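Visitor: Handing you this structure, nothing more for now.
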Amino acid sequence: RRPEEQNEKGEKVLPLDGVLTLGMGVLCTLAYWAPVAMENKFLVSNVIAWALAMVSLGAISLGSFQTGAILLAGLFCYDIFWVFGSDVMMTVATKVEAPVKFIYPAPPSDTPRAYPFSVLGLGDVVIPGLFVRFASKIDEALQPQNLSYFSVATAAYAVGLLTCFGVNEITHAGQPALLYLDPSLVGSALACAVANDQLEEVWNFREAEEEAGKEE
């Protein structure tokens, strides 16, 4: 928790950055609910979604590498089923207008689109983002000599996401982003661990234990 600020008289005051953040939040909320077509305010929606993602990344921890790998494996299957085996995900992505996704104007195409945006769900940012953030914790604790786990995870996320967008444009069909992101992240992390000769340490890494050790 952030300590409260005080003025010269010792009176408690609101921090300036907190006031500015609150003001920006109110302005974004008003702009989002303005009676304007989403095509003209999609950036506002993305800003709100980005804020939600950043808060989530700062508040949630995977705890251990194995927990992260199991979580990504489970959501890998979940995402594939609900995108390819049902129209639920596509309905939510295209029919529910709320700042729980990132939307971008779709590139020009000869094929008519029922929805004018390319969509990336908030979960496709937060869940893999937690793993990328966890990779930075591994870097801090294990001090790899050859490859940085965080750098490799960041690159793996970019490659997985670009692959997803590429397949989406080629097939003109919605794709489960975690189908590409999860194997890319877990596989690259394990490959990086092998390159650093730290496979066992990475597989058994627990963030809580490492942080407790630093505090002692």
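The values are calculated or read from the model by the stated rules, or taken from the named source; none is laboratory data. These numbers come from a predicted model, not from an experiment. When we count neighbours, we look across all protein chains shown, and the Cβ atoms used for this are built from the backbone with ideal geometry, even at glycine. With ligands, DNA and RNA removed, areas are computed over all heavy atoms of the protein, side chains included. Shrake-Rupley method; radii C 1.70, N 1.55, O 1.52, S 1.80 Å.
Visitor: Can you find even one residue in segment 97-106 that is open to solvent by 30 Å² or more (accessible area, probe 1.4 Å), assigned to a strand (DSSP E or B) and either touching a Ser or Thr at 6+ places or on another chain (Cβ under 9 Å) or β-branched (Val, Ile, Thr) (or both)?
Guide: Yes, some residue in segment 97-106 is open to solvent by 30 Å² or more (accessible area, probe 1.4 Å), assigned to a strand (DSSP E or B) and either touching a Ser or Thr at 6+ places or on another chain (Cβ under 9 Å) or β-branched (Val, Ile, Thr) (or both).
Visitor: Hey, could you check segment 57-81 for residues that are under 16 Å from Leu185 (Cα atoms) and not in a helix (DSSP H, G or I) and say which is least open to solvent (accessible area, probe 1.4 Å)? Walk me through how you get there before you give the answer.
Guide: So the first thing to find is which residues in segment 57-81 are under 16 Å from Leu185 (Cα atoms), and the list is 62, 64-77, 79.
Filter again for not in a helix (DSSP H, G or I), leaving 62, 64.
Working: Leu62: 24, Ser64: 7 Å².
Per the criteria, the residue is Ser64.
Visitor: Filter segment 47-70 for residues that are of a type in the set (Val, Ile, Thr) and touching a residue at least 60 places away in the same chain (Cβ under 8 Å) and give the result.
Guide: Ile60
Visitor: Shifting gears a bit: Would you pick out the residues in segment 128-164 that are within 25 Å of Thr91 (Cα to Cα) and crowded, with 17+ Cβ neighbours inside 10 Å? Step through it out loud before you land on a result.
Guide: We begin by selecting, within segment 128-164, every residue within 25 Å of Thr91 (Cα to Cα); these are 128-129, 160-164.
Matches in segment 128-164: Pro128, Gly129, Gly160, Leu161, Cys164.
Visitor: Take the conditions buried (at least 21 other Cβ atoms within 10 Å of the Cβ) and touching a Cys at 6+ places or on another chain (Cβ under 9 Å) and apply them to Ala189. Does it pass? Quick ask: steps written out before the conclusion?
Guide: Working: buried (at least 21 other Cβ atoms within 10 Å of the Cβ): yes; touching a Cys at 6+ places or on another chain (Cβ under 9 Å): no.
Considered against the rule, which asks whether it is buried (at least 21 other Cβ atoms within 10 Å of the Cβ) and touching a Cys at 6+ places or on another chain (Cβ under 9 Å), Ala189 comes out as no.
Visitor: Return yes when Ala208 is closer than 17 Å to Val132 by Cα, of a type in the set (Gly, Ala, Ser), assigned to a helix (DSSP H, G or I) and modelled with pLDDT of 95 or more and no when it is not.
Guide: On the way: closer than 17 Å to Val132 by Cα: yes; of a type in the set (Gly, Ala, Ser): yes; assigned to a helix (DSSP H, G or I): yes; modelled with pLDDT of 95 or more: no.
The answer is no for Ala208.
Yes/no matrix, rows are residues, columns are (1) within 14 Å of the chain's Cα centre (by Cα); (2) farther than 18 Å from Gly160 by Cβ; (3) of a type outside the set (Phe, Trp, Tyr):
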position: Ala31; (1), (2), (3): no, yes, yes
position: Met38; (1), (2), (3): no, yes, yes
position: Ile60; (1), (2), (3): yes, yes, yes
position: Met90; (1), (2), (3): no, yes, yes
position: Gly123; (1), (2), (3): yes, no, yes
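Visitor: Let me ask something additional. Could you count how many residues in segment 17-56 are open to solvent by 40 Å² or more (accessible area, probe 1.4 Å), at pLDDT below 75 and more than 30 Å from Thr94 (Cβ to Cβ)?
Guide: The number of residues fulfilling the criteria is 1.
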